[in-house]
Amino acid sequence: MKDLLATVKSNALIAENIYMITLTLPESAGKIKGGQFVNLSTGEGSHLLRRPLGVMKVEGDDISLCYQLKGEGTHKLSEAKAGDALKILLPLGNGFDLSGKKNIVVIGGGVGVFPLIATIREHCGDKKFYSYIGFRSKASVCLLDELEKSEKLTVVTDDGSFGGKGNAVEAYLMDAENIEADCIIACGPPVMLKVLKQKLSERGNKIPCYVSLEERMGCGVGACLVCVCKKTDGSNARVCKDGPVFDINEVEL
Ligand SMILES: Cc1cc2nc3c(=O)[nH]c(=O)nc-3n(C[C@H](O)[C@H](O)[C@H](O)COP(=O)(O)OP(=O)(O)OC[C@H]3O[C@@H](n4cnc5c(N)ncnc54)[C@H](O)[C@@H]3O)c2cc1C
Ligand code: FES
């Protein structure tokens, strides 16, 4: 893990309320796995805690993150300009471990799509991805060129204004019989992951499924316990340090 002062290369709106920021690191951060995240300061002199954001793309010493405007932190971040310096702690968390897997179903909803893109980019040379991606509406659809690295891509929207109408879990379940997958990975809003767990259980799913969780975070490195989630064995886990990726059967959703 490194704490670096990165330089903003670009920071632009790519869809409704969604920005992509690319930062140049002063040195290599080492290998970054899809599903790992960074803790990013929100602007010069900001009193705010750093914000956790999933890594979307790494190219040399440039790292790209995509973020949805939410509250004070992400609004402040959207004001960052090329040349500004931001503090970045990375890489954090465990990321997706796809060793030994060949045919992977990807289920992503909303901002959950971004860390999944990093995972597809990392492995698309030697693994096949079957992606089911849900956005709110046409205005929030973005990064299709990255998602098209999948063997098969299905995009749906809540209102049907782009692709089919529906959500990513439904889109996968309608097609599940046609895919010989050996792994499922998913990231999206809590309700999406909860429904996924319930539906997979109802179907007697035997394919390993890994989900990336989002929790409010403080330190991002396992020290403050702000991000604790409940495991199904009754114990607790820190989403930042023990996750954010967990076996879906291991955590309460
Ligand atoms: C591992 C991880 C990866 C993430 N990756 C992305 C991503 O790639 N793109 C993206 O748009 N968002 C992502 N998020 C969510 C993002 O961190 C929050 O939307 C952001 O911190 C909101 O900050 P804010 O100041 O604008 O909002 P506020 O609501 O004003 O934030 C107040 C506080 O709550 C925390 N917080 C608020 N919402 C969340 C949330 N959903 N998850 C975690 N902390 C939150 C903030 O960090 C801050 O400390 C990720 C969260 C986690 C935990
Ligand atoms: S954010 Fe501090 S322990 Fe996870």
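Quick note: the coordinates plus some simple rules give every number you see, no bench work behind them. Computed from a predicted structure; not experimentally measured. Cβ atoms come from the backbone with ideal geometry, glycine included; neighbour counts cover every protein chain shown.
Per-structure values
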| read-out | value |
| --- | --- |
| Checking Ser41 against (1) away from ligand 1 (no atom under 13 Å from the Cβ); (2) under 19 Å from the mean Cα position of the chain (by Cα), the condition it does not meet | (1) |
| Residue match in the stretch 62-74 (condition: more than 10 Å from ligand 1 (Cβ to nearest atom) and over 25 Å from Ala168 (Cα atoms)) | yes |
| Answer residue from the stretch 197-238, given it is free of Cβ contacts under 8 Å to residues at least 40 places away in the same chain and among the β-branched types (Val, Ile, Thr) and is farthest from ligand 1 (Cβ to nearest atom) among those | Thr232 |
| All positions within the stretch 239-253 that are within 13 Å of ligand 1 (Cβ to nearest atom) and of a type outside the set (Asp, Glu) | Val239, Cys240, Lys241, Gly243, Pro244, Val245, Phe246 |
